[in-house]
Amino acid sequence: MNRLANPELKEPAKQGSAMGSAKSRLTWIWSEYSVIIAFVIIFILAAIVSPRFLDINNQLNILMQVSIIGIVALGMTVVMLSGGIDLSVGSVLALVGVLTVLALNATGSILVGILTALASGVIIGLLNGLLVAKGKIASFIATLGMMAGARSIALYIAEGGSISGEVSGFTAIANTELWVIDVPIIIFILMAVLVYMLMHKTSFGRHVYALGSNEKAALLSAIRVDRVKIAVYSLAGLLVSVAAIIETSRLNSISSSSSGMQYELDAIAAVIIGGTRMTGGRGKVIGTFFGVLILGILNNMMNLMNVSPHLQGFVKGAIIIVAVVFQKRE
Amino acid sequence: MENKVYLEMRNIKKSFNGVKVLKGVSLQVQKGEVHALLGENGAGKSTLMNILGGVHQPDSGSITIEGRDVKMSDPRESKANGVSFIHQELNVVPDLMVYENLFLGTEIKNKFGFLHVEEMCRQTADILGRLGVDIHPKSYVRELDNSYKQFIEIAKSLLHKSELIIMDEPTSSLADHEVERLFTFIRNLKETGVSIIYISHKLKEIEEICDRFTVLRDGELAGAGIVKEFKLDQITKLMVGKAISNERFEHKEIQDTVLLEVNNLSTEGLYKNINFSVKAGEVVGFTGLAGDGRTELFESIFGYRKKYTGQIKVRGQVLKIDHPQKAVKAKIGFVPKNRKENAIIKDLSVIHNMSLSSLSKFNRNGLLDQSLERKRFRYYKDLLNIKVHDPNITIDKLSGGNQQKVMLAKWLEADPDILIFDNPTQGIDVGAKQEIYEQILALAAMGKAIIILSSEAPEILRLCQRIYVMYQGEIVSSFNGNRATEDMIMSYATGAKREDEQIG
């Protein structure tokens, strides 16, 4: 029976596997690059719907608008890859902004202002990390607490209002162009490249993926899981402080009540659209980059088409859900 | 026993993506028999069972139950035809009570639409009683032994009037006394006329509990017959296509250097007063029943558990190991049991799993040298005969045996002097098992100290020069591997005998 069956079977089996591999290749491309494909489709749609969309100034405008949320979303990606979440980013951005302006006005030095921002961002991130890693508090809860706490302190310091910088030159950070490109765009792209390198080319990145995928196995693989967690939240804090510097510098002021409001939601949305799994272990920095761009184009498109700002949230919400539904189809 | 055919699957063919997985397989199960379905991983057992369970559709072939043609177009239909599938991973909800689990999804309601708790409890007690299991319907499942969880699943299928139960490796997470309990249960079940398809790699179990068997190899029928009329090695031969020895392995000389010495190690409630030492080149085994504390003991030595008293000496030096990384620095490696939960990182690729515990070796100016990683992987792929076409796929796509080989590669790359294996051949087929044993012995021959934890006495007997038996957290006996027998081990492991003073 064997002898009869085998020669006949060989040929169709080969063809079948060739077809199968073509199909599996297609599904692989889809699962790896679905965000980019979605980005291209939305980009083309936007160009068709509104001729002004392709204008170079409009394009740069979009990039400028997404750069702050983009930098925050890069940190959020790392946190979510590790299996956590950071709800505090928006409030921390406001608090860091307030502290930065205070330091700036007190010393008159832009450098001190920037260092204050970076230090306070890292310290708050470190605190988040300690709560999660050493305090063994679920990241959702720990950063929810930080979200409320940081906002409250920002409001208290600024007495509920905005505070403005009194040092000339600070506004140059966000309002200068190199050739035609605004500095915040350059910072965003630079940060994206750095975070990409960190996550995909270093052992730290490998440890974060391992931790997000299977914490116990990561620990049993001799990974310093606690330290990785603390580093992850500290990094997110650092990136928030970079975003805070840009935000503060853009208008030379920061509002303790409205700055950074709901940034955590936009950042999480960008990460999710970018294909990172909520529970960690799977996702890509490039995905987040395009996720941010998709959100930016959608906003821009709706503005160009005069869609009521009150409806824009609805569209954003729908896009997030559609994105996740598509990603489930692997 | 009546010789009535209950189920017949005839000439089943199935391919996935053009790869032929089943090439015309037939299976016949009689009413009230326990039928062993055997074969190595990838032989097509699970595909065949998934076809029976309605998960996959066959490309051709027929299924009849008691002479009627049936078509299992989905799992529900299969259930309606009296077939239930008990998977290796149990589907019980630990935070619900026994009766709630039994009636999950098919709750009985009273005329007001509320849950009819008494009736459900009555039926639960009734079914469990018939099977000779003594658990209260209102106890929480999380508080039960693993074997009872299995009984709950089986009871659930009986509740749905199943006449054919498929059990996939039912003993893989059970200790020996629990296995006994399961077998008694299966015998009772058989008496009531229920047929069972029993999938397992453990041939001793097959001999003990099964009436007839069917062996698959590479998607074809390799043989079938009555268990009593065959010798175990004949059946093994059918499975792997060649004979595999069960002889004890030859050992090289043990060196004089003591690599690991443990003095008076205790952790409240887990283990107490543990003393032993392992020399370079030695293979030492620890065995016992579930709850004997051996896994916890070595998790402490590896730094996964921190709270212990006593002394751990590595190469004569007292070390305080409170994190796995310190253990790795002291050149201790640990291949944990339950691969899926404790060892593999399923979202990382095969290569990245291999290098995970030794990333510092691949560090070049802060960046990982990925071509070196690939090179090292190719080395282990050849050395350990790891079967993978593209090592960039995620590790969960590999078979159990190949996953375990990657775990072995991972620890070889970390290059420890002392290597601890916890249940190293859990859920692995005979061929891969043999390869892993050979590697373990090769490591010992290189002068490494090897510690093997296993609940399977035959495995320990084949591999180890010195055997420690644990019972409820204590070492109750130690044997020279050449003189020990399974009976001796069992009498100490069950607590029937103890000899406190012989330890050393």
Those residues of segment B:200-214 which are open to solvent by less than 40 Å² (accessible area, probe 1.4 Å), touching a helix residue (DSSP H, G or I) at 6+ places or on another chain (Cβ under 7 Å) and under 17 Å from B:GLN30 (Cβ atoms), in sequence order:
B:ILE206, B:ILE209, B:CYS210, B:ASP211, B:PHE213
Give segment B:25-52 a look and list any residue that's outside any strand (DSSP E or B), open to solvent by less than 10 Å² (accessible area, probe 1.4 Å) and touching a helix residue (DSSP H, G or I) at 6+ places or on another chain (Cβ under 8 Å), or say none.
B:GLY32, B:GLU33, B:GLY39, B:ALA43, B:LEU52
Could you check B:PHE85 against (1) aromatic (Phe, Trp, Tyr); (2) within 14 Å of chain A (Cβ to nearest Cβ); (3) closer than 20 Å to B:GLU153 by Cβ and say which number it fails?
(2)
Would you check if A:ALA117 is surrounded by 20 or more Cβ atoms within 10 Å (Cβ to Cβ), of a type in the set (A, V, I, L, M) and within 14 Å of chain B (Cβ to nearest Cβ)?
no
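Per-residue answers, yes or no, for (1) in contact (Cβ under 8 Å) with a residue 60 or more places away in the chain; (2) over 18 Å from B:PHE421 (Cα atoms); (3) among the charged types (D, E, K, R):
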| residue | (1), (2), (3) |
| --- | --- |
| B:ASN264 | no, yes, no |
| B:LEU289 | yes, no, no |
| B:ASP322 | no, yes, yes |
| B:LYS331 | yes, no, yes |
| B:SER349 | no, yes, no |
Matching residues, segment B:332-368, being in contact with a Lys or Arg (Cβ under 9 Å, 6 or more places away or on another chain) and among the charged types (D, E, K, R)
B:LYS340, B:GLU341, B:LYS346, B:ASP347, B:LYS361
Please note which helices (runs of 4 or more DSSP H) are completely contained in segment A:171-274 and include at least 2 residues that are open to solvent by less than 50 Å² (accessible area, probe 1.4 Å) and either modelled with pLDDT of 95 or more or within 14 Å of chain B (Cβ to nearest Cβ) (or both).
A:183-201, A:203-213, A:215-220, A:225-251
Going through B:GLY431, B:GLY427, B:GLY495 one at a time, which residue ends up being touching a residue at least 24 places away in the same chain (Cβ under 8 Å), within 19 Å of the chain's Cα centre (by Cα), in a loop (DSSP other than H, G, I, E, B) and over 18 Å from B:VAL283 (Cβ atoms)?
B:GLY427
Among strands (runs of 3 or more DSSP E) completely within segment B:309-392, the ones holding 1 or more residues that are more than 11 Å from every other protein chain (Cβ to nearest Cβ) and either buried (at least 18 other Cβ atoms within 10 Å of the Cβ) or of a type in the set (Val, Ile, Thr) (or both) are B:309-314, B:317-319
Does segment B:418-437 hold any residues that are closer than 26 Å to B:SER360 by Cβ and surrounded by fewer than 19 Cβ atoms within 10 Å (Cβ to Cβ), and which are they?
none
Of the residues A:GLY16, A:GLY83, only one is within 14 Å of chain B (Cβ to nearest Cβ) and modelled with pLDDT of 90 or more; which?
A:GLY83
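Here's the yes/no breakdown for (1) at pLDDT 90 or above; (2) among the polar types (S, T, N, Q); (3) touching a Pro at 6+ places or on another chain (Cβ under 9 Å); (4) surrounded by fewer than 17 Cβ atoms within 10 Å (Cβ to Cβ):
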{"site": "B:LEU453", "(1), (2), (3), (4)": "yes, no, yes, no"}
{"site": "B:ILE460", "(1), (2), (3), (4)": "no, no, no, no"}
{"site": "B:ALA484", "(1), (2), (3), (4)": "no, no, no, no"}
{"site": "B:GLY495", "(1), (2), (3), (4)": "no, no, no, yes"}
{"site": "B:GLU499", "(1), (2), (3), (4)": "no, no, no, yes"}
{"site": "B:GLY504", "(1), (2), (3), (4)": "no, no, no, yes"}
Restricting to segment B:356-377, and then to whatever is of a type in the set (A, V, I, L, M) and closer than 15 Å to A:LYS201 by Cβ, can you tell me which residue is nearest to the chain's Cα centre (by Cα)?
B:LEU359
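Yes/no per residue for (1) more than 26 Å from A:TYR156 (Cβ to Cβ); (2) in a helix (DSSP H, G or I); (3) not small (Gly, Ala, Ser):
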residue	(1), (2), (3)
A:VAL66	yes, yes, yes
A:GLY70	yes, yes, no
A:GLY75	no, yes, no
A:VAL79	yes, yes, yes
A:LEU111	yes, yes, yes
A:ALA117	no, yes, no
A:SER120	no, yes, no
Quick one: A:SER162 ticks every box in (1) open to solvent by 50 Å² or more (accessible area, probe 1.4 Å); (2) at positive phi; (3) touching a Ser or Thr at 6+ places or on another chain (Cβ under 7 Å) except a single one, so which number is it?
(2)
On the given criteria, is B:LEU90 closer than 19 Å to B:LEU159 by Cα and touching a residue at least 60 places away in the same chain (Cβ under 8 Å)?
yes
Quick one: count up the residues across segment B:390-428 that are basic (Lys, Arg) and closer than 21 Å to B:GLY39 by Cα.
2
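The values are calculated or read from the model by the stated rules, or taken from the named source; none is laboratory data. This is a predicted model, so every value here is computed, not measured. Please note: Cβ atoms are built from the backbone with ideal geometry, for glycine as well, and neighbour counts cover all protein chains shown. Protein only, heavy atoms only, side chains kept; ligands, DNA and RNA dropped before computing areas. Shrake-Rupley method; radii C 1.70, N 1.55, O 1.52, S 1.80 Å.
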